[in-house]
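Visitor: Handing you this structure, nothing more for now.
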Amino acid sequence: MSGSLSGTGLTRVEIGALILSCLQDVLAMRDDGHSSGTLGGDTRLIGRDGVLDSMGLVTLIVDVEQRLEEEHDIVVVLADDRAMSQKRSPFRTVGSLSDYICHLLEDEG
C-alpha cells in the first residue's frame with residue numbers, strides 16, 4: 001500500500017512514522033531509565049516484550065488520534081468496540097496499529 005489512503009494524503013509509511021514519533025514521546029515521558037531499543041514496525045506495544053504498560057498504551061492512542069486530527073484533519077477513534085472485538089489486537093505492534101488505521105481510513109473513504 002504505497003499510495004495515499006482515501007484522499008487523506010497519507011500513506012501507510014507516513015502513518016507508521018507518526019505512530020513511531022508518538023511512541024518515542026510516550027517512552028520519553030517514562031522515568032524508569034529503561035531504554036526501548038530500536039523502534040520500528042515490529043516493535044511490540046503491549047503483551048510480553050511490549051514497550052508499554054496499559055497507561056502508556058492509552059497515552060499513545062490519544063496522542064496518535066490528536067496528531068492525526070491536528071496535523072492531517074483526520075478524525076478517527078482507535079479504541080472502540082471494533083478494535084476490541086478483533087481476534088488479534090490492532091495494538092500488538094506499531095505495524096498492526098498502522099494497518100488498523102489504514103483500514104479505518106479506507107472504510108471511511
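Visitor: Restricting to the stretch 51-89, and then to whatever is β-branched (Val, Ile, Thr) and not in a loop (DSSP other than H, G, I, E, B), can you tell me which residue is nearest to Ala28 (Cα to Cα)? Give the derivation first.
Guide: First pass over the stretch 51-89, keeping only residues β-branched (Val, Ile, Thr): 51, 58-59, 61-62, 64, 74-77.
Subsequent filtering for residues that are not in a loop (DSSP other than H, G, I, E, B) retains 58-59, 61-62, 64.
Details: Val58: 15, Thr59: 12, Ile61: 16, Val62: 16, Val64: 15 Å.
It comes out as Thr59.
Visitor: If you go through the stretch 79-88 one residue at a time, do you hit one that is over 12 Å from Cys22 (Cα atoms), surrounded by 16 or more Cβ atoms within 10 Å (Cβ to Cβ) and modelled with pLDDT of 90 or more?
Guide: Just the residues of the stretch 79-88 that are over 12 Å from Cys22 (Cα atoms), to begin with: 79-88.
Next, from what is left, pick out any that are surrounded by 16 or more Cβ atoms within 10 Å (Cβ to Cβ): 83.
Imposing the further condition that a residue be modelled with pLDDT of 90 or more reduces the set to none.
Scanning the stretch 79-88, I find no residue that is over 12 Å from Cys22 (Cα atoms), surrounded by 16 or more Cβ atoms within 10 Å (Cβ to Cβ) and modelled with pLDDT of 90 or more, so the answer is no.
Visitor: Is it the case, given these coordinates, that Arg92 is touching a Cys at 6+ places or on another chain (Cβ under 9 Å) and modelled with pLDDT of 90 or more? Explain how you work it out, then say what you get.
Guide: Working: touching a Cys at 6+ places or on another chain (Cβ under 9 Å): no; modelled with pLDDT of 90 or more: yes.
No: the conditions fail for Arg92.
Visitor: Among the residues of the stretch 14-40, write down those that are modelled with pLDDT of 90 or more and over 18 Å from Leu78 (Cα atoms).
Guide: Within the stretch 14-40, Gln24, Asp25, Leu27, Ala28, Leu39, Gly40 meet the criteria.
Visitor: How many residues does the stretch 90-104 hold that are in a loop (DSSP other than H, G, I, E, B) and farther than 14 Å from Thr43 by Cα? Even if it seems obvious, please write down each step before you answer.
Guide: Initially, the stretch 90-104 is screened for residues in a loop (DSSP other than H, G, I, E, B), giving 90-92.
Then keep just the ones that are farther than 14 Å from Thr43 by Cα; that gives none.
Residues flagged as in a loop (DSSP other than H, G, I, E, B) and farther than 14 Å from Thr43 by Cα within the stretch 90-104 amount to 0.
Visitor: A further question follows. Looking at Ser54 and the list (1) at pLDDT 95 or above; (2) surrounded by fewer than 16 Cβ atoms within 10 Å (Cβ to Cβ), which single condition is not satisfied?
Guide: In the conditions (1) at pLDDT 95 or above; (2) surrounded by fewer than 16 Cβ atoms within 10 Å (Cβ to Cβ), Ser54 misses (1) alone.
The values are calculated or read from the model by the stated rules, or taken from the named source; none is laboratory data. All values derive from a computational prediction rather than experimental measurement. Note that each Cβ is placed from the backbone with ideal geometry, even for glycine, and that neighbours are counted across all protein chains shown.
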